[in-house]
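Colleague: Pasting in a structure now, in structure tokens, and then I'll have a few things to ask.
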Amino acid sequence: MLSVKKVNGEGWWHCECNYGYYGEYCQFRAESNCEDGEDNDEDGLTDCEDSTECCSHNSCLSNSLCLGSFVSTELLLKLSFINETKQQENTTLEQIPFFERVRFLFDSADLSVQRYADIRLLDPKFVNFLIRFLVYVSISGNMGWSFLTIDGTYQPGTYWLLSVLRGRILSIKGGPLAGVRVSVADHPQQGFSLSRSFSPASSATALEGSQSSFENYIDTSIGEFELAVNGGAAVILQFVRQPFGRVVRTFFVPSNQILDVGNVWMDSIEEKDGGENEASTTL
């Protein structure tokens, strides 16, 4: 599946995947036909279910499995800038509340990465928070991290400790997966994100042309996601997509952090790593 190719005029060599394979180690086979109803690459995914190869194919463009998050380059650069400047302890940036720095993820109208989120439940300055918290404490005597929702019912959660989770969702045989719905299992009112689909800039059809055109098609952001959550505790995320159904994972999330949870596998995770996700990294 690997071959060695000399780079023209540069005097050095590099490895590339043989045609019909892709991935860091050429471990994934490519679907050879996206509209024949067959699992050509024998990865358990048929036609439009195969994100990397078929989501840019004309027959799959409007398929719900390919309607992932189309994140603009500007938004991705903005999130990267937040990471880099935070690592450099940029004084000016640190003066801006974390909520304001990341709110573009869920408060950018049609461009929002996180959809249908009740922003009040992510905003640490939620107007009625303190009043409702004090009312709850005076009634129950419970000093836990809880407060009452806008309709007066009890709702647990540390809503003033906003964080952002990032990661990539994959199938062991099928590679990166677009259109996976990611949300907090017990707080649907915080909205959901969809794992990234192909970038419009790299939408050349994978099944046409030479090996080089196939490589140019592969978008390394497919399957990635971001989700704003309330940190400072364990957060239960659910990942939903056909044909895998619902997968649940738990992460401990520090407050006011961008946390990379690594790869999330939708299938046969017990066979891969004993049922645990890869280590998380705080950015």
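Colleague: Looking at 75, 65 in this structure, which one is at pLDDT 85 or above, part of a helix (DSSP H, G or I) and either in contact with a Gly (Cβ under 6 Å, 6 or more places away or on another chain) or in the same structural domain as residue 265 (by TED's automatic domain parsing) (or both)?
Modeller: 65
Colleague: Then there's this: Go through the stretch 25-70 and give me each residue that's more than 21 Å from the chain's Cα centre (by Cα) and of a type in the set (Val, Ile, Thr).
Modeller: The answer is 46, and nothing else.
So that you can scan it fast, the table gives a plain yes or no per residue for (1) in contact with a Pro (Cβ under 8 Å, 6 or more places away or on another chain); (2) crowded, with 20+ Cβ neighbours inside 10 Å; (3) modelled with pLDDT under 85:
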| site | (1), (2), (3) |
| --- | --- |
| 3 | no, no, yes |
| 24 | no, no, yes |
| 31 | no, yes, no |
| 35 | no, no, no |
| 40 | no, no, no |
| 58 | no, no, no |
| 99 | yes, no, no |
| 102 | no, yes, no |
| 107 | no, no, no |
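Colleague: All but one of (1) surrounded by 16 or more Cβ atoms within 10 Å (Cβ to Cβ); (2) at pLDDT 95 or above; (3) farther than 29 Å from residue 26 by Cα; (4) not charged (D, E, K, R) hold for residue 190, so report the exception by its number.
Modeller: (2)
Colleague: Quickly run through the stretch 12-42 and pick out the residues that are of a type in the set (Asp, Glu) and at negative phi.
Modeller: Across the stretch 12-42, the qualifying residues are 16, 24, 31, 35, 36, 38, 39, 41.
The values are calculated or read from the model by the stated rules, or taken from the named source; none is laboratory data. Note that the structure is predicted; figures quoted are calculated from it, not measured. In this analysis, Cβ positions are derived from the backbone assuming ideal geometry, glycine residues included, and neighbour counts consider all displayed protein chains.
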